[in-house]
Amino acid sequence: MSKEPILRVAINAPLSRLFDYLPASSAPTPAPPPGCRVLVPFGRQRQIGMVLAHATQSELPLSKLRRVLSTLDDAAILREPDRWLIHFTSDYYHHPIGEVVAAALPALLRQGKPLNPVVQRVAITGEGAAQSLSALARKAPRQAELLEFLGGHANDGVRFDLLDDAMPGWRRVRKTMLDKSWLRLFESPSEPDFEPQIGDATDGPTLNVDQSKALDVVRGQPGFHVSLLDGVTGSGKTEVYLHLMKDVLDAGRQVLVLVPEIGLTPQFVSRLKERLGIEPALLHSSLPDSIRLSAWRSARNGSASLVLGTRSAVFAPLKNPGLIVVDEEHDSSFKQQEGLRYSARDLAVAKAKHLGVPIVLGSATPSIESLQHCTEGMYQHVSLPSRAGSAVPPLMRLVDLNQQPAYDGISLPLLKAIEENLRAGGQVLIFLNRRGFAPTLICSSCGHIAECRRCDARMTVHAGDPKLLCHHCGASRPIEQQCPECSGPFRPLGQGTERLEESLAHQFPDRRITRVDSDSTRLKDTMNKALALATQGDADILVGTQMLSKGHHFPKLTLVGVINADQGLFGTDFRSSERLAQSLIQVAGRSGREQRQGEVIIQTAFPKHPFWGELFRGGYERVARSALQERLAASWPPFSRLALIRAAAHKRSDTHRFLEAARGKAQAVGLSNVSILGPVSAPMERRAGRYHAQLLLQSTDRQALHRLLQALRPELETDKTARRVRWSVDVDPIELF
Ligand code: ADP
Ligand code: ZN
Ligand code: ZN
């Protein structure tokens, strides 16, 4: 036993364990408590670690333990619930705990910067202000200049770095002027905490019967419980959230709201501001690091009462939590698909449970998993079956592409409907989930297709910035004119959003067309501008991908056209039909949200496919029910649990050798109720020059799967075949490749 506490430290390294250290020196300074960052020697380097526990014993002899070099925090920056979530995440996803800590912290804290960064400032003193500038200007012009400049900034003074820009020579006169007491130096926080209050909260519409019922159901239970707010698009889910949030804020507690993508929700943010009268602290990846740190800190110290963020905001520390809301809970953006592969929605539920606060998951198209939790009684199903206010659901119809001539991918009935809706003063959205000009470049004489040299994939033709681009690895090359096989002429085949925009411009020359996809919105703010145009009705036809389908409210929109939904009908993944129904219903939900009834036209070459019957007769509910039955029959999730071990390497044999070894080790653990499937090559085997393969573990017993991974992970970490591959464990994968 050690007289000093042994510090158990998480370090950002791909190893599933904590590392033991002794406190900085045996002097009487207290050892850093759990939740503090420390600088430690690690191998031959230094690393920033996070103390997660104190212990009295170590597996290593005491004489072998090294001492931490210094402690970076005066007090724990992560409190017990924050550390609990880190442990839970690491255990559940079988991911190295130091990497979980790194994912949970804002970048600046990960790099060892202080929680409360300060900047140095200089201000003029009373004595300085009393100097005669004109007299001084003759003897010491630079000093006079500085006094004059600072005189304009009263007590706040000026930051050193800004002064360096404004008056590059000021540091040379600083000492003289300090000696004369004309200047004073001080520090201030570089990014102040939040001051959320911005105005008065405004009232929304009076809730309808369904909304009031939903609100009562959620309000009726104190403490942790999960409500699935299942409401058709436009049913007023957001209104229900707003009432719940107001309760919690009025009680002086904090609300955490998770959304799939912040870029897509400027309307949501302004609605929160307007209705609640406070500024939300935002946490998402496109913010500068310093702003993110300030939002994180404000969440932690409670000055931010409303915290709104994407995926990683689930790790935000909350001083006084009262409610968690996950909007569009079905959205796959909540699942991180690389590094630490976690579901922010599922972690949010775990967090709410640990904190003892209610959580609301909202969607018009809830995930099959969440619906099943309702059936099992773990979540409460709260439904809003109809649109709020006076809006009625849109009329949906199919157009059979085998029967109808199409012009550049747009069928005659769709062209007519566009014409009619525009003439009646409506706005039209044409949805195609494929950016670029055309998905294929094909040789007209031999049929050869331009492929990516690094992936098993076709190159997409882009016209705006003309090139061939691989959407899987980002490789690009100039558009080829001639087939390398037969020298025949190449031509683009199929439709992308760019081509669609071009055809529409040709068909409707007098109309204003706005395209929204990740190419058109790459520049900062172009997304917001495009959305503003769309919202004000200053665009007649909107053409876009997924980005246009989520959450937006375009008051004038009366027609949605879906160019091609057929890819989703034949997806290989067991989630394909769920996904297709979600994306169609989300995009359809943009239509007819106000007075005029909306219309939705879906083009398909397979009108007899049973999916359509289900969707048209029974809506999402019916699709979800039959998806559940299929999954039950095939024992897919949620009726079993999955984990995928993926491997990638420049040589195919390396991935298979590693996964064969993994299979052997998994079998050796000897759990008969876990099936081990594979290894097999991934459906798109070669991506970005690497071969991909995978091993699937499946069990109806979650605990058994968990125990297997627990035994397997440390073994894989030290396996020598692992050195030649990149590998990862994905628990609850949402894509099986
Ligand atoms: P959702 O979040 O389910 O898509 P919203 O809360 O955004 O729905 O509501 C859709 C539209 O209906 C919004 O314009 C909203 O202001 C309006 N609305 C919501 N609830 C009511 C209500 N009770 N009475 C009238 N209008 C409502
Ligand atoms: Zn050819
Ligand atoms: Zn590629």
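The values are calculated or read from the model by the stated rules, or taken from the named source; none is laboratory data. The shown structure was predicted, so the numbers you read here are calculated from the model rather than taken from an experiment. A quick note on method: Cβ atoms are made from the backbone with ideal geometry, for glycine too, and the neighbour counts reach across all protein chains shown. Note: accessible area is taken over every heavy atom of the protein model, side chains too, but ligands, DNA and RNA are not part of it. Shrake-Rupley method; radii C 1.70, N 1.55, O 1.52, S 1.80 Å.
Taking Cα atoms, how many degrees apart are the long axis of helix 497-507 and the longest axis of the chain, rounded to 10 and kept between 0 and 90? Here the helix axis deviates by roughly 60 degrees.
Measure nothing but the geometry: give the 0 to 90° angle between the long axis through the Cα atoms of 610-634 and the longest principal axis through the Cα atoms of the chain, rounded to 10°. Helix 610-634 sits roughly 70 degrees off the main axis of the chain.
Given a 1.4 Å probe and the protein chains as shown, ASP346 ends up with an accessible area of around 50 Å². Solvent exposure of PHE186, expressed as accessible area, is near 50 Å², computed with a probe of 1.4 Å over the protein chains only.
Helix 80-93 and the longest principal axis of the Cα set of the chain meet at an angle near 40°.
Label zone (GLU735, point 7 Å along Cα-to-C-beta; backbone nitrogen cut-off 16 Å) within the range 400-440: 433-435. The 3J(HN,Hα) values that the Karplus relation (6.51, -1.76, 1.60; θ = phi - 60°) gives for the range 652-665 are, in residue order, 4, 4, 5, 5, 5, 4, 4, 6, 5, 4, 4, 4, x, 5 Hz. Gly and Pro appear as x. Largest first, the residues LEU708, LEU398 sort by 1.4 Å accessible area into LEU398, LEU708.
Residues of the range 272-294 with an amide N closer than 11 Å to a point placed 7 Å from the Cα of ARG522 along the Cα-to-Cβ direction: none.
In this calculation the C-beta distance from HIS448 to SER286 is compared with R0 = 35 Å, giving a FRET efficiency of 0.30. Around the amide H of VAL560, modelled in the peptide plane, lie the amide H atoms of LEU429, GLU599, VAL600, ILE601, all under 5 Å away and 5 or more residues distant in sequence or on another chain.
Computed on the chain, with alpha-carbon pairs under 8 angstrom and 6+ residues apart, the relative contact order is 10 percent. The stretch between ASP465 and MET167 holds 103.0 nm of extra length on full extension. This uses 0.36 nm per residue minus the Cα-Cα distance. Label-to-label distance for LEU60 and HIS153 is 4.7 nm, based on points extended 7 Å past Cα in the beta-carbon direction. Rolling a 1.4 angstrom probe over the protein heavy atoms with all chains in place gives the chain an accessible area of 45 Å² per residue. Restriction of the GluC sites (Glu not before Pro) in the range 265-364 to DSSP coil positions whose beta-carbon has at most 16 other beta-carbons within 10 angstrom yields GLU338.
With the simple spin-label model, which puts each label point 7 Å out from Cα in the Cβ direction, the LYS180 to LEU39 separation comes to 3.9 nm.
Short-range pairs are left out: with C-alpha atoms under 8 Å and at least six residues apart, the relative contact order of the range 209-384 is 36 percent. Among the listed pairs LYS139/LYS175; LYS351/LYS665; LYS3/LYS64; LYS335/LYS665; LYS213/LYS273, those whose Cα-Cα separation exceeds 21 Å are LYS351/LYS665; LYS335/LYS665; LYS213/LYS273.
Please work out how much length the chain gains when fully extended from GLN536 to PHE616, using 0.36 nm per residue of separation minus the C-alpha to C-alpha distance, in nm with one decimal.
Here the segment from GLN536 to PHE616 would lengthen by 25.7 nm.
Could you run the Karplus curve 6.51 cos²θ - 1.76 cosθ + 1.60 with θ = phi - 60° over the range 116-124 and give me ³J(HN,Hα) per residue in whole Hz, x for Gly and Pro? Once rounded to whole Hz, the list reads 10, x, 10, 10, 8, 10, 10, 9, 7.
One chain, two ends: SER270 and THR718. Fully extended at 0.36 nm per residue, the span grows by 156.2 nm beyond their Cα-Cα distance.
Averaging Cα coordinates gives a centre for the range 208-274 and one for the range 65-91; these two points are 32 Å apart.
To the nearest 0.05, what FRET efficiency results for GLN120 and VAL669 with a Förster distance of 56 Å applied to their C-beta separation?
Calculated value: 0.45.
Under 5 Å between amide hydrogens, built in the peptide plane, is the criterion, and for ALA682 it picks out HIS692, ALA693, GLN694 among residues at least 5 positions away or on other chains.
Give the carbon-plus-sulfur fraction of the accessible surface of the chain in %, rounded to a whole number; probe 1.4 Å, heavy atoms of protein chains only.
C and S fraction of accessible area: 50 percent.
A simple count of charges around LEU105, restricted to other residues whose Cβ falls under 13 Å of its Cβ and scoring Lys, Arg +1 and Asp, Glu -1, yields +3.
Find out how many positive minus negative residues lie around GLY551, taking Lys and Arg as positive, Asp and Glu as negative, among other residues whose Cβ is under 12 Å from that of GLY551.
Residues near GLY551 contribute +1 overall.
Considering the range 118-189 at the alpha-carbon level, its Rg and Dmax are found to be 11.3, 37 Å.
I'm checking a number: the convex hull volume of the Cα atoms of the chain, normalised per residue, in Å³. What is it?
228
What the Cβ-Cβ distance of ALA457 and SER134 gives, at R0 = 60 Å and to the nearest 0.05, is a FRET efficiency of 0.25.
Ranked from largest to smallest solvent-accessible area, with a 1.4 Å probe on the protein heavy atoms, MET245, MET378 come out as MET378, MET245. Partner lysines whose Cα lies under 16 Å from the Cα of LYS353, excluding those fewer than 8 positions away in the same chain, are identified as LYS319. Here the scattering of the range 641-731 is modelled by Debye summation over its C-alpha atoms, one equal scatterer each and no solvent; at q = 0.16, 0.21, 0.23 Å⁻¹ the log10 of I(q)/I(0) is -0.57, -0.94, -1.10.
By its C-alpha gyration tensor, with a ≥ b ≥ c as the square roots of the eigenvalues, how is the range 6-110 shaped: rounded for a/c under 1.5, else prolate for a/b larger than b/c, else oblate? Prolate, since a/c reaches 1.5 and a/b exceeds b/c.
Note on MET547: accessible area is roughly 40 Å² with a 1.4 Å probe, heavy atoms of protein only.
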